[in-house]
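Report on the structure given below.
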Amino acid sequence: MIFLRLTYSLKFLKWFSALLIIDLLLSGCAVGPDYVKPNALVAESYKESDGWKIAQPSDELPRGNWWGIYKDPVLDQLMNRIDINNQNLIGAEAQYRQATALLQQARSGLFPVVGANASENRGSVNNSNSGFSSAAQTNNANLNASWIPDIWGQVRRSIESSSANAQATAAQVDAARLSIQATLAQSYFQLRIADMQKRMYEDTLKAYEKSLEITLNQYTAGIVTQLDVAQARTIYESTLALAIDIGLARAQVEHAIAVLVGETPSNFTLAPQPMSIDPVTGLVVSPVSKLVANLPEVPSGIPSQLLERRPDIAAAERQMAAANARIGVAKAAFFPTISISAAGGYQGADLPGLISLPFRYWSIGPSLAQTIFDGGARLGALNQADAAYDQAVATYRQTVLTAFQNVEDNLIAVRLLQKESNAQADAVKHAQDAVRISLNQYKSGITTYLTVVTSQASELNNERTLMSLLNRHMSAHVGLITALGGGWDTQKITSK
């Protein structure tokens with residue numbers, strides 16, 4: 001009996017070894033298409049980069065802390081709080097951990113599953129001869145294992161898909177971080193420009209209040225009519241309403257910044273920045289206005305580099321690779337599944353001495369399973385995988401096109417808004433001259449107060465336009481940096 005068992009075991013070991021060799025030989029290939037990155041439309045140069053600075057090997061954006069080029073310590077402190085407190089980013093990182101856990105699960109399919117159990121059962125057994133029943137006890141302890149050789153590459157394709165998904169999720173985390181950083185920078189500069197506007201309205205209201213006082217004195221002296229007083233009051237009150245509104249806008253932007261850095265708005269405050277009046281131009285000057293006048297150049301590089309510098313493009317490319325691998329998983333389902341299982345242990349009535357030769361048992365053997373008919377379920381899964389890959393390719397190419405549009409839009413915006421802001425600053429200076437001249441003429445009785453009101457309204461409108469341009473200019477500058485990837489590169493995900 002022992003000889004027969006030994007002979008059977010040797011035959012099975014030979015068969016098992018042959019199967020293992022076949023599996024190792026086939027491990028280099030798997031059903032389904034190998035991934036080849038599809039082409040995307042890439043121009044040789046940016047259309048709107050005429051006169052723009054081209055990146056040199058040693059002239060790149062700071063890696064990671066791209067906002068450092070603005071040299072604002074308050075902005076630096078706010079940015080450092082994003083990784084710690086921003087809940088959207090924390091959620092994205094948790095999603096990445098889920099993706100790596102799925103990759104770990106996929107890799108486990110390459111190894112056998114081993115389990116163990118032990119049990120004790122007590123019961124009664126009827127004796128037909130005596131008519132009495134007696135107690136019986138059974139003790140059991142065993143070890144079992146099963147393994148499915150990855151002959152058709154289904155597990156390897158699953159690992160390939162999960163790995164690409166994990167890399168895509170890592171890139172999505174970086175894309176989310178970059179988006180949050182850009183929103184914070186743009187909101188921060190919007191708040192600082194609101195500080196400039198608030199100061200502008202305060203200075204304007206002081207000037208209008210003085211004009212109203214002059215008009216009231218002249219009305220008391222019988223020099224002007226009540227219409228002049230009404231016009232002076234109108235422009236003062238309407239400007240006061242605008243000043244109140246800018247306070248509302250600033251408060252709401254401050255609340256938005258609080259949420260971005262993970263704070264409750266009620267516990268978060270950003271003090272206004274100190275400002276002054278330029279003695280030459282008479283304009284409100286702040287650290288932001290000085291920064292806008294001397295914004296650092298952003299190296300745009302060449303379009304092909306954008307594919308390596310945008311995390312959203314990298315995420316779309318990795319999702320495309322994952323979709324390609326899932327085609328192989330779907331194709332492997334058409335082939336038979338071979339599994340090997342083994343079990344062994346001890347079983348007996350008495351627990352003492354259970355683990356001994358007389359109570360030993362074992363079993364080992366292969367099994368083959370093949371679905372004969374499934375009503376088209378596997379074919380449907382394969383067609384779905386093919387269509388999902390085509391969708392991923394289209395999404396990737398659209399992401400690339402959108403990225404190029406973002407860069408072109410911000411290139412032209414930064415360049416032309418700089419010129420527009422310079423022209424508007426000149427317009428503000430001339431409008432201030434017009435107000436000064438009209439006031440002198442009004443005091444001298446040469447012109448009516450309507451001329452003063454008109455010139456004051458023109459000055460205010462031009463100053464408001466200049467502030468709006470400064471805000472748009474800063475937003476476009478931040479947008480250009482983030483459109484170029486913010487100093488990001490694909491090594492951040494391939495190294496994970």
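Does R250 qualify as being touching a Leu at 6+ places or on another chain (Cβ under 9 Å) and loosely packed, with under 15 Cβ neighbours inside 10 Å? No; evaluated as a whole, the condition is false for this residue.
Pairing residues of the stretch 91-120 that are under 15 Å from R156 (Cβ atoms) with residues that are at pLDDT below 90 and assigned to a strand (DSSP E or B), at Cβ distances under 9 Å and at least 6 apart in sequence or on separate chains, gives F111/W147.
Per-residue answers, yes or no, for (1) within 26 Å of E308 (Cα to Cα); (2) surrounded by 10 or more Cβ atoms within 10 Å (Cβ to Cβ); (3) modelled with pLDDT of 85 or more; (4) touching a Cys at 6+ places or on another chain (Cβ under 6 Å):
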site	(1), (2), (3), (4)
E44	yes, no, no, no
I82	yes, yes, yes, no
A94	yes, yes, yes, no
N129	no, no, no, no
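For the stretch 152-175, the criterion of a residue being part of a loop (DSSP other than H, G, I, E, B), modelled with pLDDT under 90 and within 30 Å of P336 (Cβ to Cβ) is satisfied by at least one position. Of the residues Q56, Q87, the single one that is modelled with pLDDT of 90 or more, out of contact with any strand residue (DSSP E or B) (no Cβ under 9 Å at 6 or more places or on another chain) and loosely packed, with under 12 Cβ neighbours inside 10 Å is Q87. Across the stretch 309-344, which residue is surrounded by the most Cβ atoms within 10 Å (Cβ to Cβ) among those that are touching a helix residue (DSSP H, G or I) at 6+ places or on another chain (Cβ under 7 Å) and part of a loop (DSSP other than H, G, I, E, B)? Of everything passing the filter in the stretch 309-344, R310 is surrounded by the most Cβ atoms within 10 Å (Cβ to Cβ). Scanning the stretch 293-328 for residues that are over 26 Å from A40 (Cα atoms) and of a type in the set (A, V, I, L, M) gives A293, L295. Determine, yes or no, whether S211 is buried (at least 19 other Cβ atoms within 10 Å of the Cβ), at negative phi and touching a helix residue (DSSP H, G or I) at 6+ places or on another chain (Cβ under 8 Å). So S211 passes the test. With respect to (1) in contact with a Phe, Trp or Tyr (Cβ under 9 Å, 6 or more places away or on another chain); (2) over 30 Å from Y96 (Cβ atoms); (3) at pLDDT 90 or above, the lone exception for T448 is condition (3). Please verify whether the stretch 396-415 includes one or more residues that are farther than 21 Å from A43 by Cα, basic (K, R) and either in a helix (DSSP H, G or I) or without any contact (Cβ under 8 Å) to a residue 24 or more places away in the chain (or both). No: the stretch 396-415 contains no residue that is farther than 21 Å from A43 by Cα, basic (K, R) and either in a helix (DSSP H, G or I) or without any contact (Cβ under 8 Å) to a residue 24 or more places away in the chain (or both). Does the stretch 297-308 hold any residues that are buried (at least 21 other Cβ atoms within 10 Å of the Cβ) and farther than 17 Å from A413 by Cα, and which are they? G301, L306 - these are the residues of the stretch 297-308 that are buried (at least 21 other Cβ atoms within 10 Å of the Cβ) and farther than 17 Å from A413 by Cα.
Looking at Q98, Q77, just one residue is modelled with pLDDT of 70 or more, part of a helix (DSSP H, G or I) and closer than 30 Å to P149 by Cβ, and that residue is Q98. Residue pairs whose Cβ atoms lie under 6 Å apart, sitting 6 or more positions apart in sequence or on different chains, and linking a residue in the stretch 315-342 that is aromatic (F, W, Y) to a partner that is buried (at least 23 other Cβ atoms within 10 Å of the Cβ) and not in a helix (DSSP H, G or I), are F335/W152.
The values are calculated or read from the model by the stated rules, or taken from the named source; none is laboratory data. Note that the structure is a prediction, hence the values are computed from the model and not measured. Heads up, the Cβs are rebuilt from the backbone with ideal geometry, glycines too, and the neighbour counts pull from every protein chain shown.
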